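Here, each number is a calculation from the coordinates, and none is a lab measurement. Not measured: the values here are computed from a predicted model. With ideal geometry, Cβ positions are generated from the backbone for all residues, glycine too; neighbour counts draw on all protein chains shown.
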Amino acid sequence: MKLLVTAITITTALAVSPAFAAKMAACTSENMAKLVTSSATMPDTPAKAAMMKEMGAANAAMAKGDMRGACKSYMRAQQISGQKS
C-alpha cells in the first residue's frame, strides 16, 4: 500500500511540475531585474518583504556561484509576487 501511495505521489509531482514551471518566467538576470523593478510599485506589505528576502537569497546564491539555489529563490519570489515577469 505504501508503495502505491508513493508511486502516485511521484507521478502526480512529475505531472504537475512541468505545467507549473511553464507558467513561470525563466531564471535569467533580465527577468530577475524586472521582478525587482516591479517591486518598486508594490505597496509595502509582508508579501513584498518576503519577495525581497527571496531575491536577496537569490543574489547571495549567485555570488557564491550557486545558480540552482539562485533560481529556486527567484522562483519562490516570483510565486510570492504573483507575476510571470
Query - Nitroxide proxy distance, nm - points 7 Å out along Cα→Cβ at residue 48 and residue 79 - result: 2.3 nm
Report task. Compute the convex hull volume of the Cα atoms of region 26-81, divide it by the residue count, and report the result per residue in Å³ as a whole number. Result -> 61 Å³
